[in-house]
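**Q** My questions will all concern the structure given below.
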Amino acid sequence: MEIDINALPPAEQYKLLSSTVVPRPIALVTTISDKYGDNAAPYSFFNCMGEDPPVMVLGLETKRHNQALKDTTVNIRDNGQFVIHLVDEPMAEAMNICAIDFPSNISEVEQAGLTLTPSRLVRPRRIVEAPIAFECEKIALIQIGPTRNIAIGKVVRMHVRDGLLDPVTNYINPDLYRPVGRMFGKLYTRTRDHFEMVVPSFEDWERNHMK
């Protein structure tokens with residue numbers, strides 16, 4: 001089956017992309033407004049995109065009912081800073097509450113029962129309950145279409161829950177870290193089923209392949 005995706009309405013393009021590029025990590029993003037204070041919202045069009053410098057990228061959609069910029073986009077545009085939190089199983093329900101389209105003067109974090117604490121290097125505060133948090137400074141905010149912006153941020157500080165990080169390998173312990181992923185629609189997934197694959201050298205591959 002071949003699909004001319006550009007000939008489809010944006011809503012159908014979204015369905016195809018969001019239901020095939022899965023699972024996606026979820027970024028619960030805190031920003032700050034000079035007028036309204038703290039804001040938090042989840043985004044699953046998100047990933048890390050580089051190191052040296054460490055770079056995170058967010059896909060920021062406009063509000064669907066009127067195409068106005070969401071508070072996260074406005075705050076990143078105006079203040080240039082944000083904090084990305086990874087969402088684990090204990091935080092899933094709170095993340096979902098933060099997805100509600102609250103008026104700008106109502107704190108999603110407060111309604112979700114989460115706790116904010118000052119960040120180290122950026123103005124937006126970070127969420128204490130998050131297993132991982134990245135303090136970010138904006139590199140660029142790029143409008144790629146009438147309803148979508150991409151925020152590119154440099155990580156300036158990272159926070160990891162005590163006990164999750166192996167100080168020798170600098171890897172997170174997969175038996176203790178329980179992030180959730182976004183599938184599509186109302187579907188999410190747990191990430192408890194791990195398996196290992198080792199990439200062989202070409203010589204080993206050739207030796208085994210020629211048997």
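Where a number appears in this text, it was derived from the coordinates with a stated rule and is not lab data. Since we're looking at a predicted model, the values are computed, not measured. Backbone-built Cβ (ideal geometry, glycine too); neighbour counts: all protein chains shown.
**Q** Report, in deg cm²/dmol and to the nearest 500, the calculated mean residue ellipticity at 222 nm for the chain, where each DSSP H run with n ≥ 4 adds -39500 (n - 2.57) and the sum is divided by the residue count.
**A** After summing the helix terms and dividing by the residues of the chain, the value is -5000 deg cm²/dmol.
**Q** Regarding region 52-173, what is the average projected area of its C-alpha convex hull, in nm²?
**A** With every direction weighted equally, the projected area is 8.6 nm².
**Q** Still on this model: Once both labels are modelled 7 Å past Cα along the beta-carbon direction, what's the residue 55-residue 203 spacing in nm?
**A** 3.5
**Q** Please list 38-51, 101-114 highest first by mean number of surrounding beta-carbon atoms within 10 Å per residue.
**A** So the peptides 38-51, 101-114, ranked by packing, come out 38-51, 101-114.
**Q** Return the loop-located chymotrypsin sites (Phe, Trp or Tyr not before Pro) in region 158-191 (DSSP other than H, G, I, E, B) with at most 11 other Cβ atoms within 10 Å of their own Cβ; answer none if there are none.
**A** Filter output for region 158-191: 171.
**Q** What are the equivalent ellipsoid semi-axes of region 112-201, built from the alpha-carbon gyration tensor (square roots of five times its eigenvalues), in whole angstrom, biggest first?
**A** 26, 21, 17
**Q** Just to compare against my own numbers: the Cα pair-distance distribution for the chain, 5 Å bins, whole % per bin, please.
**A** The distribution over the chain is 1, 6, 13, 17, 19, 15, 11, 7, 5, 3, 2, 1, 0, 0, given as percents.
**Q** Using 0.36 nm per residue of separation minus the Cα-Cα distance, give me the extension gain between residue 20 and residue 154 in nm, one decimal.
**A** Gain on extension, residue 20 to residue 154, equals 45.5 nm.
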